[in-house]
Amino acid sequence: MARRLSLPGPTSSELVPDLAALGLLIRNRRLALALRIDDAAHACGVTASVLSRLENGISVGADRVFLVIRGLGLSLLVTTKQDGQALRSLTIAELISMRGESNPPGESNPQDESEDAS
């Protein structure tokens, strides 16, 4: 019988202060994608053991961390502490407006659809 996937757990922030927080973020992303650990590891180009260690906050090589981040559709942003604190205080709407989008990702804009029809 196939094992059932857990549901993604809560995250307090996407700011990652240590390996344990990075592991939690990666595990939650994998679960949100409904991937078993062996399938996700294969898709990322690492072994299931490496992905398991990373998800559990155990050190792995930086090259493998980047493979997993990329493979799960994540990106890495490194900032100063000051800039990180400023980013933390922004709302989702402010972040979206900084990207130049009028709608959250995945939502279409009715105005865009009407332009396509003409």
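Determine which single condition Ile96 fails, assuming it passes every other condition in (1) of a type in the set (A, V, I, L, M, F, W, C); (2) at pLDDT 95 or above; (3) part of a helix (DSSP H, G or I).
(2)
Tell me which of these Ala48 doesn't satisfy, since it passes every other one: (1) under 11 Å from the mean Cα position of the chain (by Cα); (2) farther than 30 Å from Met98 by Cβ.
The failed condition is (1).
Any idea which of Gly57, Gly73 is loosely packed, with under 11 Cβ neighbours inside 10 Å and modelled with pLDDT of 90 or more?
When all the criteria are applied, what remains is Gly73.
Which one of Val46, Val68 is outside any helix (DSSP H, G or I), touching a residue at least 12 places away in the same chain (Cβ under 8 Å) and surrounded by 15 or more Cβ atoms within 10 Å (Cβ to Cβ)?
Values: Val68 fails: outside any helix (DSSP H, G or I).
Unique residue meeting the criteria: Val46.
Which ones in segment 25-42 are assigned to a helix (DSSP H, G or I), among the aliphatic types (A, V, I, L, M) and farther than 13 Å from Leu74 by Cβ? Step through it out loud before you land on a result.
To start, the set of residues in segment 25-42 that are assigned to a helix (DSSP H, G or I) comprises 25-32, 37-42.
Those left that are additionally among the aliphatic types (A, V, I, L, M): 25-26, 31-32, 37, 40-41.
The answer is Leu31, Ile37, Ala41.
Looking only at segment 80-93, filter to residues that are modelled with pLDDT under 85 and either of a type in the set (Gly, Ala, Ser) or assigned to a loop (DSSP other than H, G, I, E, B) (or both); which one of those is nearest to Gly45 (Cα to Cα)?
Taking the candidates together, the pick is Gly84.
Return yes when Ser12 is hydroxyl-bearing (Ser, Thr, Tyr) and at pLDDT below 95 and no when it is not. Explain how you work it out, then say what you get.
Details: hydroxyl-bearing (Ser, Thr, Tyr): yes; at pLDDT below 95: yes.
Yes: the conditions hold for Ser12.
The values are calculated or read from the model by the stated rules, or taken from the named source; none is laboratory data. Please read all numbers here as calculations on a predicted model, not as lab measurements. Note that we place each Cβ from the backbone using ideal geometry, even for glycine, and neighbour counts take in every protein chain shown.
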